[in-house]
Each structure stands twice: as structure tokens, then as C-alpha cells.
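Heads up, the thing below is written out as C-alpha cells.
We did not get these values from a lab; they are worked out from the coordinates using the rules stated. None of these values were measured; they are calculated from a predicted model. Neighbour counts run over all protein chains shown; Cβ positions are idealised from the backbone, glycine included.
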């Protein structure tokens, strides 16, 4: 069993349109409404690969019935933490040329008491000893402590489980001193957390992406993470764990929907770790899972046979000198 904490759950509304033109009336090809959040995507991937997952998140009172209905169709056990307010909505615009625009609402207002309720739910779940991994994934709702995932990392370590954190900017930066076992930002998120850039792009481009990713991965480990993967879209990903530093080239796939690829990486990585894989091998499995997920319309959708084929194409290339990025 994998325990996923994704406090800022969403209703995802995915809209496919020919082209996004501000100021005009647009007529989408189609729209799909599903349960959402990064943690939901991770759970979908784990279920497809054969691992059970339990998801802890805030469920606002105003939308409880609708939320439960959406989650009833998901292969994930939802552990609800009640909170006042309304469920946030994430609207994803997929254009015919492949460009993606995401509108993420902030989520319900939390307070100290609400967050402590969530932490108790996590402690109770880990105390059962069924979970072998703790995944902390996604944005934090307004009012949550900035070091929320750091606090959860310490709860996970006390329970003796591996803690994987997928967060961005301030939430990631505040987690690093608590020594999560693995952090998995994309390049924009990593550089933002390290104070090197602003903004949050959906796709990272540029010929220097491998070099920047290696530098960022090494810096995240220096800042406290026990290991770091920094993904750079189709280009590939950097890996660092204090002893090794290097790069995986990406594999070519036909991209249908890149949203959720980072979550699919986490699901693939955790599944491989649960099966006994070494960390660097689990990273390759995670990258193959992320690449395969881009070929599916549903975020977190997956063809396991495709993952198995892509894993064989991935190779880890150590950085020159074994320590410093080049």
C-alpha cells in the first residue's frame, strides 16, 4: 500500500480546443470532468501498475457529495479530511497544436486546526504499517504551513517509510531541511525553489536543459534532500543522490496530453521501489511511466506494456567527474 497526501484536491475540467484566443468566444471539441490533483494522478498510475493506494486530502463541506461521486469511479481509497468551503477547479486547455494552458484555483482556506487534523489522519494511516511509501504531492491550500510537506516527511520517517515529495517553489524549499528521501520537481519548479528563477512553465525547452537540470538536482541534495530528480520535459531528467550525478535522455513519444507526466513519474518510481528496485533503476521506470502517460488523453492514464518497452530505451549517463555537473 502507498499512502498519498494531496491536500489540495481538485475537480479537473479538461477542454480540447483548436486554439486558445483570449477575448473571443471559443467552441471546444469536447470537455471531460474528473477527480483531480497530482495525488489522484499518482494513484491512477499505481493502480494501473498493480499497486494499491490510499489518498489523504481535504474535502470541502459544500462539495462533499459531488467529490465522493467523482472519487467513486477512481481506483483509489479516499481518506477525507473535512473542511469548510468549496472544492477548487483546475481547468486544462489542450490546443490542437499541443500547447497546454492550466488555470489552477487556490483551494479552500485552511487553518492550523485543519492541518493538524490532516496530520493525525496521516499518522493513523502509517501506524497500521500497511504503507511502505509516503508520497506528498501537489500544491498547498491557502493557510497551510509553508513547511507542511517537511512536517509530513518527519512523520513518514518516524514511521520508517520512504518519503517522496513532489512540490514547487516555497513548499519545496521549506521541505528540504527535513531531508525527504526524494524530491521530483521539474526544471522550472527546481530553479524556483532554489531562488534562481520565477514563474512556472508547463514545458521546459532549451539546449542547456540537461546542464541546468544536473546543477539543480545537485543543489537540491546539497540543500537537504537525500536524492533529487529534476525533469526537463521531453529532453529527459537529471538524477543526484550525493554520490552520483547524471542524466537520462528522454525517449520519443507521440504526445497527446503532457499534463500529469510528473505525477506518472512518481507513480512509476514508487511502484518500482515497492518491487525492490534500486533508486536509480526506479528512476528509469518512473521516466518510462511518465513518457507513456503523455500518449494518453487522461492525466494519469497508462499502458503498462508501453512502459515496459520504454524502460529498455533509457540509460543513465554519469556526469563527468562523478560529482559536479558539467
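Brief remarks follow.
- Compactness index (Cα Rg / 2.2 N^0.38 Å), region 129-262: 1.03
- In terms of surrounding Cβ atoms within a 10 Å radius of their Cβ, 16, 309 rank from fewest to most as 309, 16.
- Remark: spin-label model distance residue 19-residue 255 equals 1.9 nm, labels positioned 7 Å along the Cα→Cβ axis.
- Take 148-159, 67-78, 40-51 and order them by the average number of nearby Cβ atoms within 10 Å per residue, most first; the result is 40-51, 148-159, 67-78.
- Largest mean-square fluctuation among 32, 288, 218, in a Gaussian network model of the chain whose springs join Cα atoms under 10 Å apart, belongs to 32.
- Listing 289, 14, 101 from fewest to most neighbouring C-beta atoms within 10 Å gives 101, 14, 289.
- Principal axes of region 224-326: Cα extent on each, largest first, Å: 40, 28, 26
- Restricting the calculation to Cα atoms, region 1-48 shows an Rg/Rh of 1.15 when the hydrodynamic-style radius is the Kirkwood one.
- Evaluated at q = 0.12, 0.25 Å⁻¹, a Debye calculation over the C-alpha positions of region 109-201 (equal weights, vacuum) places log10 I(q)/I(0) at -0.37, -1.27.
- Residue 84 versus residue 99: modelled label distance in nm, points set 7 Å from Cα along the beta carbon direction: 4.1
- Computed over the chain: relative contact order in percent, which uses C-alpha pairs under 8 Å that are six or more apart: 15
- Antiparallel bridge percentage (DSSP; both residues within the chain; nearest 5): 45
- By other beta-carbon atoms within 10 Å, ranking 115, 247, 196 with the fewest at the front produces 196, 115, 247.
- Prolate/oblate/rounded call for region 29-163, Cα gyration tensor, a/c under 1.5 rounded: prolate
- Based on DSSP H segments of at least four residues, each scored -39500 (n - 2.57), the chain has a per-residue ellipticity at 222 nm of -10500 deg cm²/dmol.
- Three-way shape call for the chain based on the alpha-carbon gyration tensor, with the a/c threshold at 1.5: rounded
- Highest to lowest packing among 219-231, 182-194, scored as the average C-beta count within 10 Å: 182-194, 219-231
- Highest GNM mean-square fluctuation among 271, 285, 29, for the chain modelled with Cα contacts below 10 Å: 29.
- A compact globular protein would have a Cα radius of gyration near 2.2 N^0.38 Å; the ratio found for region 204-251 is 1.04.
- The modelled label-to-label distance between residue 91 and residue 124, using points 7 Å beyond Cα along the C-beta direction, is 3.7 nm.
- Centre separation in Å (Cα based) which lies between region 108-181 and region 294-312: 28
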